[in-house]
Amino acid sequence: MGIFDALTTAVAGLQAQSFALQNISGDIANSQTVGYKETDTSFQALVSQAAQNEQTAGGVYASSIASNTVQGTIQNESIPTDMAIDGNGWFVVAQGTGGASGGQQQFNTVNYYTRRGDFQLDNNGYLVNGAGYYLMGTPVSPSGAPESAIPEVLQFSNNFLPAQATSQINYEANLPSTPSSGILVPGDFSVNPLAPPGGTGTVVGNDLSTFTAQSTDGGSITAYDSEGNPVSVQFRWAETASSGGNNTWQLFYETNSSATGTQVAWQNTGTSFTFNSSGQLTSPTTPNLTLSNLTVNGDDIGNVTLNFGVGGLTQFASATGNVQVNTLTQNGFTAGQMQSLSVDGQGQITGSFSNGQTIALADITLATFNGQDELEQLAGEAYAATPESGTPILGATGTVVGSSLESSNVDISTQFSNLIVAQQAYSANARVMSTADQMIQALLQVIQ
């Protein structure tokens, strides 16, 4: 039976090498496919049951080995919605059913997983990759908080960003140790401009020119009311006391006269800012104060927090004797329409709006599995969960890289080496078949 066993074993060898050749050809064909994971081949010996001294080399069985955990090279791309995963994780995607209800795309209820990140915005506002799979994630609120713990198909159709009223102004500056305006003298005013006790803290009417002469410009910024209307907020500083290197300042902001509602007035914030001889702020000790019902030209913005931060206000010498504003920003904006999407370094999809704002719109969900190489491979570089892979675990540790793509992890040089080995092994098995046939023919001639 040895000759016929040799034929059977050779046939098994041909089948195994054909199987390996099929994997090699598929890997080479997909060497440029985004997110593709190569499939290697494993060979297992088939041994017949026999006594120890009667065992012979048996046939062979070929099976596939996945390389799902092998990272492909990440390459920079010019499309802002392209994305790659650096490290562990899979994009969670859905497959469209081809039907629509009420103008909305319908999706398969089963989630799939892919490393193919060439997503682009379609005409319905969905992010779809080159294989037709739709990106899933969790939308976030304007404050950046997730709106759901369960990923859903993301849609960004005609996103409109409502106006946001200014609620905080960040202000950092250096006040001159010797201001060019000199010291503010309350006696020069008809109404004491300092905060109570001793006055209303408001400068109006004929006192305006005197106040301008005895104070220095503190900068201005455009804030916004709840409807998105711009409001110019201007500041002025006035030094009110200087003794032994310890100086005291008052901060004013432009508001309106309570008598007319439209006449320009300067309102004292009611806080004394004291600096020591080293130019460090000693009072107040809190890094912010509140401007209550900030109103300019009759437009009420509401309560605004003026945030100085720690060390944000200093008093050092200045050649000009003027206030040097280092930071002056605010958090309000007018309404805007979404113009483009991109992916940031925190794994979020952000929208750029016509009002100049860039707002996080959604978190990209990454999933992982205990048995990643046991996922079922589907067309289009997608995978499905199996009992062997386990259920998806949301919150993978990989990092989403925007404007990038993960290339195929196929190594062409390795595949060519495998191709040569498979070809030689196939030829050798064919040679075994030819030799076994010659031996059978010789046996038949003996019988004749």
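Rule-based calculations on the coordinates, nothing more; no lab input. Small disclaimer: the values here were computed from a predicted structure and weren't measured. Here the Cβ is made from the backbone with ideal geometry for all residues, glycine too, and neighbour counts use every protein chain on show.
Computed on the stretch 264-332, with alpha-carbon pairs under 8 angstrom and 6+ residues apart, the relative contact order is 26 percent. Angle of helix 412-447 to the longest C-alpha principal axis of the chain, folded into 0 to 90 degrees and rounded to 10: 10°. Summary of the geometry: the stretch 332-377 and the stretch 179-253, compared by the centres of their Cα atoms, lie 45 Å apart. Based on C-alpha pairs under 8 angstrom that are at least 6 apart in sequence, the stretch 168-330 has a relative contact order of 33 percent.
Short-range pairs are left out: with C-alpha atoms under 8 Å and at least six residues apart, the relative contact order of the chain is 24 percent. For the pair residue 340 and residue 423, the difference between a 0.36 nm per residue extended length and the Cα-Cα distance amounts to 24.7 nm. Computed about its Cα centre, the charge dipole of the stretch 289-424 is approximately 640 debye, with only Lys, Arg, Asp and Glu carrying charge at their Cβ. Helical runs (DSSP H, four residues minimum) scored at -39500 (n - 2.57) apiece and divided by the length of the chain put the mean residue ellipticity at 222 nm at -5500 deg cm²/dmol. Placing pseudo-labels 7 Å out from each Cα toward the beta carbon at residue 208 and residue 25 gives an inter-label distance of 8.7 nm.
Spin-label model, residue 152/residue 285: points 7 Å from Cα along the beta carbon direction are separated by 4.8 nm.
Size of the chain: Rg and Dmax of its alpha carbons, in Å, are 37.3, 139. Between residue 377 and residue 303, the FRET efficiency from the beta-carbon distance, with R0 = 56 Å, is close to 0.45. In the chain, a dipole from Cβ-located charges (positive for Lys and Arg, negative for Asp and Glu) runs towards its positive end, and of 403, 98, 322 it is 322 whose Cα lies farthest in that direction. Compared with the alpha-carbon gap, the fully stretched path from residue 358 to residue 190 is longer by 55.7 nm at 0.36 nm per residue. With the charge dipole of the stretch 218-365 set up from +1 on Lys and Arg Cβ and -1 on Asp and Glu Cβ about the Cα centre, the Cα lying farthest toward the positive end among the listed residues 333, 364, 248 is that of 248. Note on the stretch 272-322 and the stretch 386-431: Cα centroid distance 61 Å, given to the nearest whole angstrom. For residue 435 and residue 109, a Förster radius of 60 Å and the Cβ-Cβ distance give a FRET efficiency of 0.55, rounded to the nearest 0.05. Maximal additional length on extending the residue 145-residue 276 stretch stands at 43.0 nm, based on 0.36 nm per residue less the C-alpha distance. Compared with the dominant principal axis of the Cα atoms in the chain, helix 2-29 is inclined by about 20°. Assuming R0 = 22 Å, can you tell me the calculated FRET efficiency for the pair residue 226 and residue 263, based on Cβ-Cβ distance, to the nearest 0.05? FRET efficiency, residue 226 to residue 263: 0.35.
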